[in-house]
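The structure appears right after this line, and notes come after that.
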Amino acid sequence: MERRRSFLWVTAVAIAVGLLFAITSPGRADLAENEFNSGNGETWNDPNSASQYYTEGWRDWEDIKNLVTVKSDIADRATDDSFGQGTKEDNSTVSVGLGSIPPNKSDLTNFYIASEQRDTTETDYAHTFLYLAWTRTNALGSANMDFELNQVQPNLSAAGSTTISRTAGDVLITYDFDRGGKSPSIAALFWVTSGTASRCYAGNRLPCWGDRMVLLDANAGLQESEVAEGGIAQGAFYDNVLTANAQGSDAGTYRAALTFGEMAVDLSVVLPNAFGQNPTKCSGISSIFLKSRSSSSFTAELKDFIAPQTVSFSNCGAVKVVKQGKDKTATETEFVRNLQGATFRLTHDATANVIDTKTTDSTGSVCFDNILLNTERVFTVTELSAPTGYADSPPQQVTVEPGTSCSGTGAGAPAVLTFVDEPLTTITVGTTSLAGAGVTASSVQCSKNAGPGTDTGETTAVAAPHTTIALQPGTYTCTVVIDP
């Protein structure tokens with residue numbers, strides 16, 4: 001199978017530049033043959049990496065820098081926000097304080113987000129990969145970080161007690177690294193609101209984080225996981241994700257050993273109902289935020305956090321249809337009349353399934369939202385009925401991109417199809433017998449002269465007046481036949 005990759009969502013924060021990377025090191029997770037270097041603990045594919053983890057031809061953060069979202073912590077230590085009052089992961093009500101972060105291992109500075117969908121030679125569908133990274137102020141002790149993926153964005157902007165409105169199915173990805181180790185342990189937990197408390201990982205009552213899935217076991221080695229891989233900086237390097245510099249340039253941000261960690265997670269395995277081979281529902285991840293724990297224990301107190309970053313991460317997409325009509329003031333590229341009342345049908349080409357049918361509103365538009373996508377993302381929009389006085393437009397195909405929505409902007413905006421209808425005209429020719437009623441009979445037939453367009457007219461030979469209806473714009477020749 002030909003490989004294909006496409007980035008699903010991200011907010012551009014830098015300037016694009018390219019370089020490729022690659023290696024085989026002791027402990028490379030398969031990850032469905034993913035070629036993003038998420039195991040060297042650096043932002044570029046460094047052939048001299050202290051991790052000895054390099055493969056020629058692979059990509060890294062600095063190869064996709066214009067497609068990476070970078071969220072920074074509050075720099076002023078006096079106003080830096082953090083969790084306090086013994087807040088733990090299972091708490092929905094948390095305490096937010098200001099200026100209480102000491103310069104220790106839990107003090108966060110940035111986190112990075114990117115995602116990618118790609119076909120592989122192993123399967124007949126596209127895997128969806130989530131790439132995450134974090135940075136901290138220093139390398140004291142181990143690293144215990146959690147990324148929370150929410151369907152509804154939490155509000156952690158005010159100091160004091162606040163409630164995180166979690167939704168069943170929200171995901172928590174834990175990242176634990178013991179100093180002296182070679183790779184992190186990574187796991188996914190899901191917000192559980194129903195069933196029994198036995199589903200909880202550490203708590204004894206619902207709601208809680210539960211149904212824990214081990215993605216990468218540091219003790220087992222990277223070769224044992226095809227779901228996730230990760231690495232932490234084993235030596236110092238320069239980070240150029242936020243610069244226009246080439247990879248490895250010492251003009252970037254200096255990162256000391258153990259102050260940068262990264263991971264790649266195959267969401268097709270973690271969330272198969274949304275990103276697997278046969279998705280059954282739209283995934284609605286709208287934000288991600290990073291937090292640190294005081295130890296590797298899941299019940300340890302939470303420390304610093306970086307406020308939630310809005311994302312538009314979805315396996316669904318959208319198509320907007322704009323309906324316009326020609327008139328005598330229109331040009332080839334400018335149609336001044338928006339048409340209400342046109343009915344359109346959206347069909348999935350690969351399965352021939354009808355997705356939905358909608359009618360344009362007073363603005364002449366309609367949008368198909370929450371279109372569930374799989375590898376085959378080509379759809380056809382067909383005009384079922386035109387507004388009164390207009391001819392139907394021919395069907396159009398469209399490729400729907402994941403992460404787009406009717407309310408989205410920029411890269412998240414829906415695909416737009418414009419349908420332009422031809423106005424129809426009725427020609428009426430009246431004949432009257434001068435010799436008296438019924439003495440002669442007549443008929444009228446109009447045909448379109450050579451040229452673009454289609455003659456959809458009909459003729460009639462019944463009693464006068466004789467009418468030719470539904471003619472598209474063009475030049476016609478009308479023939480009147482009397483007393484044939």
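What to note about this one:
- Segment 342-361 residues that are under 13 Å from VAL398 (Cβ atoms) and polar (S, T, N, Q), paired with ones that are modelled with pLDDT under 95 and open to solvent by less than 60 Å² (accessible area, probe 1.4 Å) (beta carbon under 6 Å, 6 or more apart): none
For every residue, the table says whether it meets (1) more than 16 Å from GLU89 (Cα to Cα); (2) open to solvent by 60 Å² or more (accessible area, probe 1.4 Å).
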site: ARG136; (1), (2): yes, no
site: ASP176; (1), (2): no, no
site: GLY180; (1), (2): yes, yes
site: THR193; (1), (2): no, yes
site: ALA197; (1), (2): no, no
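- Residues being free of Cβ contacts under 8 Å to residues at least 60 places away in the same chain, over 15 Å from the mean Cα position of the chain (by Cα) and not in a loop (DSSP other than H, G, I, E, B) - total across segment 270-298: 2
- For segment 179-224, the set of residues classified as of a type in the set (Ser, Thr, Tyr) and modelled with pLDDT of 90 or more consists of SER185, THR193, SER194, THR196, SER198, TYR201, listed by residue number.
- Residue match in segment 426-446 (condition: open to solvent by less than 60 Å² (accessible area, probe 1.4 Å), at pLDDT 75 or above and closer than 19 Å to SER393 by Cα): no
- Annotation note: of GLY325, GLY284, GLY364, the sole residue that is at positive phi and out of contact with any Gly (no Cβ under 7 Å at 6 or more places or on another chain) is GLY364.
- Those residues of segment 331-341 which are touching a Ser or Thr at 6+ places or on another chain (Cβ under 8 Å) and free of Cβ contacts under 8 Å to residues at least 40 places away in the same chain, in sequence order: VAL336, ASN338
- Residue in segment 377-386 that is charged (D, E, K, R), more than 26 Å from the chain's Cα centre (by Cα), open to solvent by less than 50 Å² (accessible area, probe 1.4 Å) and at pLDDT 75 or above present: yes
- Taken over segment 49-60, residues that are modelled with pLDDT under 90 and part of a loop (DSSP other than H, G, I, E, B) amount to 6.
- When GLY41 is tested against (1) open to solvent by 10 Å² or more (accessible area, probe 1.4 Å); (2) outside any helix (DSSP H, G or I), just one condition goes unmet, and that condition is (1).
- In the set (1) part of a strand (DSSP E or B); (2) over 22 Å from GLY412 (Cβ atoms); (3) among the acidic types (Asp, Glu); (4) open to solvent by 20 Å² or more (accessible area, probe 1.4 Å), the condition left unmet by ASP369 is number (2).
- Where ILE173 falls short, out of the listed (1) in contact with a helix residue (DSSP H, G or I) (Cβ under 6 Å, 6 or more places away or on another chain); (2) of a type in the set (A, V, I, L, M); (3) touching a residue at least 40 places away in the same chain (Cβ under 8 Å): (1)
- Some residue of segment 258-271 being open to solvent by 10 Å² or more (accessible area, probe 1.4 Å) and over 29 Å from SER49 (Cβ atoms): yes
- Among residues of segment 58-79 that are under 19 Å from LEU156 (Cα atoms), those with a Cβ under 9 angstrom from a residue that is charged (D, E, K, R) and buried (at least 22 other Cβ atoms within 10 Å of the Cβ), sequence gap 6+ or separate chain, pair up as ASP73/ASP304.
- The test for being surrounded by 18 or more Cβ atoms within 10 Å (Cβ to Cβ), aliphatic (A, V, I, L, M) and either within 17 Å of SER405 (Cβ to Cβ) or at pLDDT 90 or above (or both) does not hold for ALA352.
- Looking at LYS281, LYS358, LYS303, LYS320, just one residue is under 30 Å from LYS71 (Cα atoms), open to solvent by 50 Å² or more (accessible area, probe 1.4 Å) and either modelled with pLDDT of 90 or more or touching an Asp or Glu at 6+ places or on another chain (Cβ under 8 Å) (or both), and that residue is LYS303.
- Residue match in segment 157-166 (condition: within 23 Å of the chain's Cα centre (by Cα) and loosely packed, with under 15 Cβ neighbours inside 10 Å): yes
The values are calculated or read from the model by the stated rules, or taken from the named source; none is laboratory data. In this text the structure is predicted, and so the values were computed from the model without any measurement. FYI the Cβ positions are ideal-geometry reconstructions off the backbone, even for glycines, and counts take in every protein chain you see. The accessibility values were calculated without ligands, DNA or RNA, using every heavy atom of the protein model including side chains. Shrake-Rupley method; radii C 1.70, N 1.55, O 1.52, S 1.80 Å.
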